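In what follows, a single structure is set out as structure tokens and then discussed.
The values are calculated or read from the model by the stated rules, or taken from the named source; none is laboratory data. Given the structure is predicted, the values throughout are model-derived calculations rather than measurements. Cβ atoms come from the backbone with ideal geometry, glycine included; neighbour counts cover every protein chain shown. Areas reflect the complete protein model, heavy atoms only, side chains present, ligands, DNA and RNA absent. Shrake-Rupley method; radii C 1.70, N 1.55, O 1.52, S 1.80 Å.
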Amino acid sequence: LTDGALHEGDIIVCSGLEGPIITTVRSLLMPEPLKELRVKNSYRKFASVPATNGVKVVAVGLDKAVAGLPILVARDMAHALELSEEVDDMLEDTLAAMKTTNSGVLVKASTLGSLEALLVFLKGEKIPVSQLGIGPIHEKDVKRASIQLKRDPKFAIILCFDCVVEREAQREADRLGIKIFTADII
């Protein structure tokens with residue numbers, strides 16, 4: 001939390017894999033003092049958390065949230081709907097700022113930070129990227145990658161970091177000859 005305060009019951013808005021997420025904070029959890037937030041520890045529950053703290057937010061629907069983008073707090077549901085357009089634009093702007101080319105591999109990752117790290121690695125290896133995204137590999141991703149079969153077959157590849165490959169997507173990839181490389185570490 002970098003600015004303001006967050007309270008149980010606040011309406012929050014964040015970017016999601018399937019569009020903006022509007023939900024209510026059920027619980028705010030913080031680790032014991034001098035304990036790491038990312039490591040499995042026991043957590044204490046708080047009704048309110050001030051800025052400059054690491055906090056785990058418990059709310060419905062956050063399993064589809066895009067990690068790495070801001071969470072906004074809304075005054076009411078009408079304000080939340082306005083903010084949902086803002087967070088959607090934030091995600092689009094962030095993805096648009098990442099350079100892609102006409103000919104290259106398709107890249108997907110589980111989080112925005114992972115995607116950025118993978119893009120830095122690929123740039124260092126001089127591997128062009130034609131399309132990118134966050135979340136699981138769907139059949140439509142395979143169809144997008146198949147465009148490279150006509151442009152430059154060596155780029156008819158999907159690189160995914162910490163992502164699930166849906167069964168239909170794998171079947172379509174096998175049928176079209178698209179290679180899907182998955183890894184939990186870059």
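Miscellaneous remarks
- Segment 141-147 - phi-based ³J(HN,Hα) in whole Hz, Karplus 6.51/-1.76/1.60, Gly and Pro as x: 5, 5, 5, 5, 5, 5, 4
- The C-alpha atoms of the chain define a longest principal axis, and helix 112-124 lies at about 40 degrees to it.
- Rg over Rh, two decimals, segment 1-70 (C-alpha only, Kirkwood Rh): 0.96
- Top positive-direction residue, dipole computed over segment 68-157 with Cβ charges, set Leu69, Pro128, Ser84: Pro128
- Using only alpha-carbon positions in segment 39-87, the gyration tensor eigenvalues give semi-axes of 23, 14, 11 Å once each is multiplied by 5 and square-rooted (largest first).
- The mean of 1/r over all distinct Cα pairs in segment 127-186, once inverted, gives the Kirkwood hydrodynamic radius of 11.5 Å.
- Å² per residue, accessible surface of segment 63-186 at 1.4 Å: 59
- Helix axis angle, 167-176 relative to the chain longest principal axis, alpha carbon, degrees: 20
- Given charges at beta-carbon only (K, R positive; D, E negative), |dipole| of segment 26-133 in Debye: 660
- Cα-based Rg / Dmax (Å) for segment 37-135: 17.1, 51
- Note, ³J(HN,Hα) from phi for segment 63-75, Karplus 6.51, -1.76, 1.60, rounded to Hz, x at Gly and Pro: 5, 9, 6, 8, 6, x, 10, x, 9, 9, 9, 9, 6
- Projected area, mean over directions - segment 82-161, Cα convex hull, nm²: 5.4
- Relative packing of peptides 60-66, 109-115 - highest average C-beta neighbours within 10 Å first: 109-115, 60-66
- Cysteines without a disulfide-compatible partner [the chain; Cβ-Cβ under 4.7 Å]: Cys14
- With only the Cα atoms considered, the chain has a convex hull volume of 137 Å³ per residue.
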